[in-house]
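Notes for the one structure printed next.
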Amino acid sequence: MTGWGVLNPWLVTLPEIPSASPHLRYCHAMSRTLILTALALAFLPAIQAQDEPNPKTLIPQRVLEAIADEVSGTLSFQHILELAGYEHDRLPEEYKTTYREAAYIEKMAKQYNLEDVHIERFKIPTKTWDGEKAELWLLGKDNSKRLIMSYRDVAASLAPGSKSADVTTELVWVGKGTDKKDYADKNISGKIVLATGAVGPVHNLAVREFGAAGVVSFANETGKPIEHPDEIAWMNLGGGGRGGAAAAPQKTTFGLVLSHRLGTELAERLEKHETLNVRALVQATEYDAEMQVPTAIIKGTGESDQEIAMTGHLFEGIAKQGALDDASGSATALEVARAWKKLIDDGVMPRPKRTVRFMWVPEIQGTTAYLERYPEETKRMVAAISMDMVGEDVTKNHNSLHLMRTPYSVNHFINEVSQQFFEYVGDTNREKVQNRRVAYSFRYPIIDPQGTHDPFYFNIDKHYGSSDHSAFLRFGVSAVLFNNWPDVGYHTSEDRAYNADPTQLKRVALIGVATLSTMANADNAGALRIAELTAGNAAQRTGAQLGLALQMVGEGGSLAEARNLVRQAYFRESEAIRSAETLALTADARNKIANLAKAFADTGTSADLARLDTYAGALGVSLAAPALTSDEQKAAHLIPVRKKAAPAGFGGGGGAAGAAQTDPAEASRQQYNAMELRGFANGKRTILDIRNALSAEYGPQDIAKVQAFFDAAAKTGEFELTESK
């Protein structure tokens, strides 16, 4: 029986007014119309109350709801406060025992009944710097003094690497201070310089070349100094200067860092030719130290010996302690582990088939050290997630949560499983006009009682490195990054807990549990569902690549490069579908996944190439394939075969390493290219194959440069170039 059978509002009779003015009768008729309309809307069939149902995922809705009920943004926020509510001065005894952050994670993991809870320890071959005290005083002519900045109040004000000093001298303004021209006609010997450039490069010139006593900088290249003029950037002084590792150590003094507001105030006074005398007092020391990696597992049933991993980094090195970068990721990983284990213990979710390992690490270095120590365990890992800067307040930071997919050289189901839950939370936690008949609200609100009611904003992005997922990738473990960006306090003194939001923390914890459990619980049917999901998403991506190829031809570009876009897209996506074979427990399930991948690639490639060629022919473009150049012919017969491990830093991507002497954008491009050239070199692809794969990712590549890269790598012994058969 429909709603109309209960009450048909069109049959409702309202009394007429027998004698009234035309105007009154009109008002009465309008009232009847409004009442009837309201009744009609009130008794619409239930199916029309919500125009769009909640998205379907690989986890039943009732289980998703159970996860949402259990994960707590409040607990995650409390962990952030415990770990990095403020930046602590690390006590000397911590270097001899256990860092307080590692001790806290170990204590809570045991309290939450996680398994194999312990701290892995790795010796650091060099001593670790530690700040103890730093003050900058402005001295008046009448013996008055004013404290400008103190390490006691803001730990970021002392640049790591600084040496102890007590200097009273003149402060000299040198502008940016990173070019020798900035020091022309300035006598800075024995004086302290004030600069807008980063403290390390300024120190290299001012102290090591021109004899300055120290550096005060108010650079802020990572934060938002105009919007947040009182934040102080994290900056390192650097090592021995430009002499290289083999050269004798160069002079090192100290670097103090000020906010934009304080630095501008001093600079304006100096620009007016006012003489400013200052006293800089610095106490710093070094300790023998170690990396500490708390770790715990949710033990699998033993049906599979594979492992899944999740990391958050407790330390930026050892000196820096950021609430969002990355106590937030560490706290969320702890909450993912707690909530999931609770749901297992309560019988709501099954114990996973695969063991899941949680690691809280010094960024990249700690992950690398662990994976090197346990090579057999590393081989069992099939996927990993890095939680780095998550659960941020989107209104304060004007940001979104990003899923950084694996690079094109690594095509894997982890992308699709993660993406599905990003999309689920995003779709259910935004107000949609289609559903306004129900309410002006979210369809399935995932809200923490102490958090905001902001929507969930997200982006699915191409690979970006510079976090722990890059370490997993280096060891052949497919890994993705969860990351909020931008961040108003990134690498500054304002990287504090007030920029986090318990609601967003709750949502990312839900995504973490859902993603990990989907992969860890997958049986034959689960592996097939993941392969099917991957194929569906792959169809969207290959369609987008066809669009780019058609546009390339339409704009007069190379048909050969356009065809390469299509071929590479289907090759990548078929690899991604086939990766789900890893989770299948029987040969029959693996064969089904392989057949799905083959059918997708075979039918799709031929169909899209035909579409492309038909369009090109209609434009009058020759369909004849161009002859290979001599360089291409050479590259087509050489296969790079790896002989030793990639150099340190491979897989990082996106950072500024090596960018000091070149344009940062160009340095980033070169680093990504080098990362992917190594990634595509699987011992089967020729150099020409690798060139074509890289071209589909970053645009057409010069085959001569690709050849030169592998020639150089062959000279170092990293690769051997073998003739293809």
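The values are calculated or read from the model by the stated rules, or taken from the named source; none is laboratory data. No experiment lies behind these values; they were computed from the predicted model shown. With ideal geometry, Cβ positions are generated from the backbone for all residues, glycine too; neighbour counts draw on all protein chains shown.
Computed quantities for the displayed model
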{"read-out": "Residue match in region 429-451 (condition: assigned by TED's automatic domain parsing to the domain that holds N499, at pLDDT 95 or above and touching a strand residue (DSSP E or B) at 6+ places or on another chain (Cβ under 6 Å))", "value": "no"}
{"read-out": "Any hit, region 504-513, residues being among the small types (G, A, S) and either within 30 Å of H88 (Cα to Cα) or in contact with a Lys or Arg (Cβ under 7 Å, 6 or more places away or on another chain) (or both)", "value": "yes"}
{"read-out": "Qualifying residue in region 53-62 (condition: outside the structural domain of L266 (by TED's automatic domain parsing), touching a helix residue (DSSP H, G or I) at 6+ places or on another chain (Cβ under 7 Å), at pLDDT below 95 and of a type outside the set (F, W, Y))", "value": "yes"}
{"read-out": "Residue ID - surrounded by the most Cβ atoms within 10 Å (Cβ to Cβ), chosen from residues in region 216-235 that are of a type in the set (V, I, T) and at pLDDT below 95", "value": "T222"}
{"read-out": "Among (1) surrounded by fewer than 13 Cβ atoms within 10 Å (Cβ to Cβ); (2) not in a loop (DSSP other than H, G, I, E, B), the one test that P201 misses", "value": "(1)"}
{"read-out": "Members of region 259-273 found to be within 12 Å of F218 (Cβ to Cβ) and assigned to a loop (DSSP other than H, G, I, E, B), listed by number", "value": "S259"}
{"read-out": "Of residues in region 457-503 being part of a loop (DSSP other than H, G, I, E, B) and of a type in the set (G, A, S), the one surrounded by the fewest Cβ atoms within 10 Å (Cβ to Cβ)", "value": "G476"}
{"read-out": "Residues satisfying the stated conditions in region 59-99, i.e. surrounded by fewer than 16 Cβ atoms within 10 Å (Cβ to Cβ), polar (S, T, N, Q) and either assigned to a loop (DSSP other than H, G, I, E, B) or touching a strand residue (DSSP E or B) at 6+ places or on another chain (Cβ under 9 Å) (or both)", "value": "T97"}
{"read-out": "Residues (buried (at least 16 other Cβ atoms within 10 Å of the Cβ) and either under 22 Å from the mean Cα position of the chain (by Cα) or among the hydrophobic types (A, V, I, L, M, F, W, C) (or both)) located in region 424-453", "value": "Y424, V425, G426, D427, N429, F442, I446, I447"}
{"read-out": "Meets criteria (within 34 Å of the chain's Cα centre (by Cα) and either charged (D, E, K, R) or at pLDDT below 95 (or both)) for E209", "value": "no"}
{"read-out": "Where a residue in region 136-152 is in contact (Cβ under 8 Å) with a residue 12 or more places away in the chain and hydroxyl-bearing (S, T, Y) and its partner, wherever it lies, is surrounded by fewer than 16 Cβ atoms within 10 Å (Cβ to Cβ) and not in a loop (DSSP other than H, G, I, E, B), with Cβ under 7 Å and at least six apart", "value": "Y151/K133"}
{"read-out": "Every residue from region 340-369 that is part of a helix (DSSP H, G or I) and under 17 Å from L64 (Cα atoms)", "value": "W340, K341, K342, L343, I344, D345"}
